[in-house]
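Novice: Got a structure for you, questions after.
The values are calculated or read from the model by the stated rules, or taken from the named source; none is laboratory data. Note that this is a predicted model, so its numbers are computed, not measured. Note that we place each Cβ from the backbone using ideal geometry, even for glycine, and neighbour counts take in every protein chain shown.
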């Protein structure tokens with residue numbers, strides 16, 4: 001089976017391009033400047049209220065580490081990150097309460113934590129509830145924040161300073177982009193290229209900032225870009241941005257649909273079930289469990305591969321691509337021959353789940369702060385090239 005999987009992946013490199021799509025579209029989950037979280041059906045545009053009983057403003061929302069529940073950020077009194085049932089809206093767990101000045105914006109990281117923009121501070125909330133770590137201080141008005149899949153560091157929009165910052169995992173300021181131009185309120189990232197996608201709130205402009213820092217405008221007419229998210233299900237990527245309406249557009253800014261039924265201003269958005277891979281630390285140094293969750297693919301064979309060199313250039317599969325560099329680590333993990341990565345080839349259970357284990361403890365602290373990248377595929381004979389889902393990449397900075 002291992003050799004069969006590798007041969008399939010390699011054979012696809014030379015296969016002709018085929019038009020294909022991921023086998024599912026994703027619901028949009030939207031939080032508001034009120035106390036409400038909504039679900040938007042992508043096929044019909046129907047809007048459903050998930051929860052409307054939060055004690056204060058729900059400023060942001062993302063998928064929880066289990067890829068089924070939601071994490072909602074309550075702005076103040078005290079600021080909290082709470083885990084919420086995506087179906088019933090019931091609060092299931094408080095991940096963090098206090099220790100944060102204000103929850104403006106947050107996003108999940110590849111290793112199960114949450115990066116938070118809190119006024120002047122860039123913070124990391126431990127996903128297990130172990131507390132808050134300060135990454136960097138001294139900002140003037142942080143809004144959008146996201147982990148950078150290219151480096152393992154962080155992208156951050158400072159609304160007051162009218163600039164975008166790239167910050168290393170240790171908090172070192174690496175670069176300032178778009179100063180005087182990018183008045184960023186919301187932030188997401190194109191996982192295929194590493195370009196940051198910035199929404200500037202009420203002005204309705206959406207910017208692209210690639211890894212080289214050259215700012216360009218995707219659109220200047222998104223309505224209100226307080227909330228933004230990036231999905232991959234079409235295989236080519238799509239942006240959701242706006243309040244009411246919420247627009248879906250491609251990366252060139254061409255709008256292909258709009259949803260007008262969201263009754264209050266959005267402050268954050270995500271796509272449901274978009275965290276197909278989540279790595280969580282089990283013991284220091286460098287021991288992780290990698291949760292694989294593809295709800296639409298129960299019982300399918302999966303392959304989780306790893307790269308030491310990044311996610312670009314990706315390995316082409318028809319008109320899609322596995323977002324990992326084809327290096328020696330990739331080759332070994334794709335064959336199941338990397339001794340420190342266990343259960344990375346197997347069959348998803350009846351819920352579409354599996355768990356792999358990365359154990360690099362034998363190397364001690366030598367690998368501290370070294371980034372590694374993961375992505376996975378599922379096999380599906382009914383899909384183009386026999387590949388069902390290709391996950392987005394995640395980056396894990398070893399520690």
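Novice: Yes or no: residue 240 buried (at least 16 other Cβ atoms within 10 Å of the Cβ), touching a strand residue (DSSP E or B) at 6+ places or on another chain (Cβ under 8 Å) and more than 23 Å from residue 153 (Cβ to Cβ)?
Specialist: Judged against the criteria, residue 240 is a match.
Novice: In addition: Mind checking which residues of segment 96-112 are surrounded by 22 or more Cβ atoms within 10 Å (Cβ to Cβ) and either without any contact (Cβ under 8 Å) to a residue 40 or more places away in the chain or within 17 Å of residue 54 (Cβ to Cβ) (or both)?
Specialist: Matches in segment 96-112: 96, 100, 103, 104, 105, 106, 109.
Novice: Moving to a separate point now. Please pick out the residue among 208, 160, 216, 186 that is in the same structural domain as residue 104 (by TED's automatic domain parsing) and out of contact with any strand residue (DSSP E or B) (no Cβ under 8 Å at 6 or more places or on another chain). Walk me through it before giving the result.
Specialist: Numbers: 208 fails: out of contact with any strand residue (DSSP E or B) (no Cβ under 8 Å at 6 or more places or on another chain); 216 fails: out of contact with any strand residue (DSSP E or B) (no Cβ under 8 Å at 6 or more places or on another chain); 186 fails: out of contact with any strand residue (DSSP E or B) (no Cβ under 8 Å at 6 or more places or on another chain).
The match here is 160.
Novice: Condition test on residue 264, is it surrounded by fewer than 20 Cβ atoms within 10 Å (Cβ to Cβ), assigned by TED's automatic domain parsing to the domain that holds residue 146 and part of a loop (DSSP other than H, G, I, E, B)? Talk me through it step by step, then tell me what you get.
Specialist: Numbers: surrounded by fewer than 20 Cβ atoms within 10 Å (Cβ to Cβ): yes; assigned by TED's automatic domain parsing to the domain that holds residue 146: yes; part of a loop (DSSP other than H, G, I, E, B): yes.
Against the criterion (surrounded by fewer than 20 Cβ atoms within 10 Å (Cβ to Cβ), assigned by TED's automatic domain parsing to the domain that holds residue 146 and part of a loop (DSSP other than H, G, I, E, B)), residue 264 qualifies.
Novice: Anything in segment 42-71 that is at pLDDT 90 or above and surrounded by fewer than 17 Cβ atoms within 10 Å (Cβ to Cβ)? List them, or say none.
Specialist: 46, 48, 49, 52, 55, 56, 66
Novice: Pick from segment 243-262 the residues that are out of contact with any strand residue (DSSP E or B) (no Cβ under 6 Å at 6 or more places or on another chain) and in contact (Cβ under 8 Å) with a residue 24 or more places away in the chain: which of them is farthest from residue 186 (Cα to Cα)?
Specialist: If we take residues in segment 243-262 being out of contact with any strand residue (DSSP E or B) (no Cβ under 6 Å at 6 or more places or on another chain) and in contact (Cβ under 8 Å) with a residue 24 or more places away in the chain, then 260 is farthest from residue 186 (Cα to Cα).
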